Amino acid sequence: MKLEEIDNIELSYLALEDYEELKELMISSYSSMPDSYWEKSHIETLTKRFKEGQVVIKINGQLAGCALSIIVDYESFTDSHSYREITDNYTFDSHLNDGDVLYGIDVFIKPSFRGLRLGRRLYDYRKELCEKLNLRGIAFGGRIPNYHKYATTLSPKEYIEQVKRKEIKDPVLNFQISNDFHPVKILKGYLAGDSDSNEFAVLMEWDNIYYTKPSKKAANAKKVVRLGLIQWQMRPYKALEDLLEQVEYFVDAVSGYRSDFALFPEFFNAPLMAENNHLSEPDAIRELAKHTDSIVQKFSELSISYNINIISGSMPEIIEGNLYNVGYLCKRDGSIEHFEKLHVTPDEAKVWGMQGGTKLHAFDTDCGKIGILICYDVEFPELSRLLADEGMDILFVPFLTDTQNGYSRVRNCAQARAIENECYVAIAGSVGNLPKVHNMDIQFAQSMVFTPCDFSFPANGIKAEATPNTEMILIADVDIDLLRELNQFGSVRNLKDRRTDLFELKKRS
């Protein structure tokens, strides 16, 4: 049929009164297997048990295509199952309303209607149904009807590889791959009587990136996460209590906008070193480290009382006699997590005698997995890639830079991390100056939130940006679902397309 001859295309549920036309459609679609059609009793069972899974396309009132599906508990089947097994001997007793995978029983298009991309419509419907029902994904055994032409020279695996490389044309497999289904394994003896495929099939799967595993807890992982970045003004404080008063002011401000996270800069508590400016730099920062426990305790109290996850920036801490640059993630459920700066700058090592930490891992939060890298660490791409491998969605970078060129290193590297790891990156720094604190004289900062660069994100990869060198807060919403879409359907897919056959990145145990 030609496009200009089409007056109406309708997708609707399969009805039992369509059966005779459906039978004719099945026979014409499977000309090499003339006896392969479903009996009326089969169709009646399917439509009664799972109406939404059985759909047809009608063109000008004429049946043109059909898709049949059931829901199964996928774990109860081996990945070497047959068509008879998955349908429970064609009774469809394997269908479970509380199953976790939509299993494709059949898709067929009438030959006279092929070329109109009707199959894509049916597959798109299945994907939407899978998302609507919150199922883990779609699976089916895909026929390879041209395989019999190559069976004497190619194994099924070799055949599939050549199809993927476009060296062999297989209309079914090519179509399924182009619709984002990926081959998992070869199924031997899948469909009895399928001589065209030598009774082989390819187990094809599609993953629902929006799937949320059912939980008995009265909470769901948030899809849109609100970030609150504090661009901190360095100013003198007479005592710790004065600094903590300013901390609470900012926590109050960002939580007032219902932010999920508050991010403070690196060494935001440096003004307290002024009282020890008469000491050497190494001694002064070790005196500052004595305040760390009290500050962390206050942050934890604020995270609970203001219902917000707080990333404390960073502070000096002495562990077993060694000086480290550390920070704390104070969650709103009362738990506290610790992170360390792994790469200290030459200045930190030379002036303060600071050591690099050893711990790197992503953190679970009520808003998904996050990573935290302190300043200089974001300039080492291996670290954020390791966090991405752990499932990180948002990378937080508290930083402290004195000059614009130092800031540019952090800023440009942070934006690169967002692109290459398909994640959001939030950076927050301090502004102003501390004339009475050695080695902390001036600061330059512009806090920002970066995104990947693709159609669902800002073209320049910048979600939000603060005014440079001005004390303020920056509030930005980031959509986690957009990252899932990017990972599967992006113009480029940095995480998926890595050549892991050529290189490998892993942490030492």
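What follows draws every value from the coordinates through simple rules; no lab data is involved. Owing to the predicted nature of the structure, the values given are computational and were not obtained by experimental measurement. Don't worry about glycine lacking a Cβ; one is built from the backbone with ideal geometry, like all the others, and counts go over all protein chains shown.
Close amide H contacts of V55 (hydrogens built in the peptide plane, cut-off under 5 Å, sequence separation of 5 or more or a different chain): L14, A67. Relative to the current alpha-carbon distance between D88 and E248, full extension at 0.36 nm per residue lengthens the span by 51.4 nm.
Please list the equivalent ellipsoid semi-axes of segment 3-207, computed as the square roots of five times the alpha-carbon gyration tensor eigenvalues, in descending order and whole angstrom.
On the way: eigenvalues 123, 91, 57 Å².
The answer is 25, 21, 17 Å, longest axis first.
Which three semi-axes in whole Å describe the equivalent ellipsoid of the chain, each the square root of 5 times a Cα gyration tensor eigenvalue, listed largest first?
Numbers: eigenvalues 696, 101, 78 Å².
They are 59, 23, 20 Å, listed from largest to smallest.
Spatial offset of segment 130-176 relative to segment 336-361 amounts to 51 Å, using the alpha carbon center of each.
Each stretch of four or more DSSP H residues adds -39500 (n - 2.57); spread over every residue of the chain, this sum gives -8000 deg cm²/dmol at 222 nm.
What translational diffusion coefficient, to the nearest whole µm²/s, does segment 308-443 have by Stokes-Einstein, given a Kirkwood radius computed over alpha-carbon pairs, a temperature of 25 °C and 0.890 mPa s viscosity?
Values: Rh = 15.5 Å.
The Stokes-Einstein estimate is 159 µm²/s.
Using mean Cβ contacts within 10 Å as the protection proxy, how do 446-459, 94-107 order, highest first? Let's see the in-between values first.
Details: 446-459: 20.6, 94-107: 18.9.
My ranking of the peptides, most packed first, is 446-459, 94-107.
Label-to-label distance, E21 versus E158, with points set 7 angstrom from Cα along the beta-carbon direction: 4.6 nm.
For E85, what is the net charge nearby, where nearby means another residue's Cβ is under 12 Å from its Cβ and Lys, Arg count +1, Asp, Glu -1? Taking every other residue near E85 into account, the sum is -2.
So how much slack lies between R409 and S491, counting 0.36 nm per residue of separation and subtracting their Cα-Cα distance, in nm? Walk me through the intermediate numbers first.
On the way: separation 82, 0.36 × 82 = 29.52 nm, distance 2.69 nm.
Full extension of this stretch gives 26.8 nm more.
Between Y13 and E301, the contour length at 0.36 nm per residue exceeds the Cα-Cα span by 98.1 nm.
Can you say what percent of the DSSP beta bridges in the chain, counting only those with both residues inside, are antiparallel? Round to 5.
Details: 62 of 85 bridges.
Around 75 percent of the beta bridges assigned by DSSP in the chain are antiparallel ones.
Any lysines with Cα under 19 Å of the K58 Cα? List them, leaving off those in the same chain fewer than 8 positions away. Output for K58: K2, K23, K110. D by Stokes-Einstein for segment 224-489, Kirkwood Rh over Cα pairs, 10 °C, 1.306 mPa s: 87 µm²/s. Annotation: amide H-H contacts under 5 Å for T365 (H modelled 1.01 Å from N, sequence separation of 5 or more, or interchain): I370.
If R0 is taken as 56 Å, the Cβ-Cβ distance between R49 and D293 corresponds to a FRET efficiency of 0.35.
Taking amide H positions as modeled 1.01 Å from N, with prolines and chain starts lacking one, the residues under 5 Å from E199 and 5 or more places away or on another chain are D194. The alpha-carbon of K213 sits under 26 angstrom from the alpha-carbons of these lysines, leaving out residues fewer than 8 places away in its chain: K51, K127, K132, K185, K222, K223, K331, K369, K496. A crude spin-label estimate for the pair E167 and N460, with each label 7 Å from Cα along the Cβ direction, gives 4.8 nm. Each residue of segment 48-58 was assigned a 3J(HN,Hα) from its phi angle through the Karplus curve 6.51 cos²θ - 1.76 cosθ + 1.60 (θ = phi - 60°); the sequence is 6, 7, 8, 4, 5, x, 10, 10, 10, 10, 10 Hz, with glycine and proline shown as x. Phi angles across segment 380-395 convert, under the Karplus curve 6.51 cos²θ - 1.76 cosθ + 1.60 with θ = phi - 60°, into 3J(HN,Hα) values of 10, x, 4, 5, 5, 5, 4, 5, 5, 5, 8, x, 4, 9, 10, 10 Hz, Gly and Pro given as x.
Relative to the longest principal axis of the Cα atoms of the chain, the long axis of helix 292-305 lies at roughly 50 degrees.
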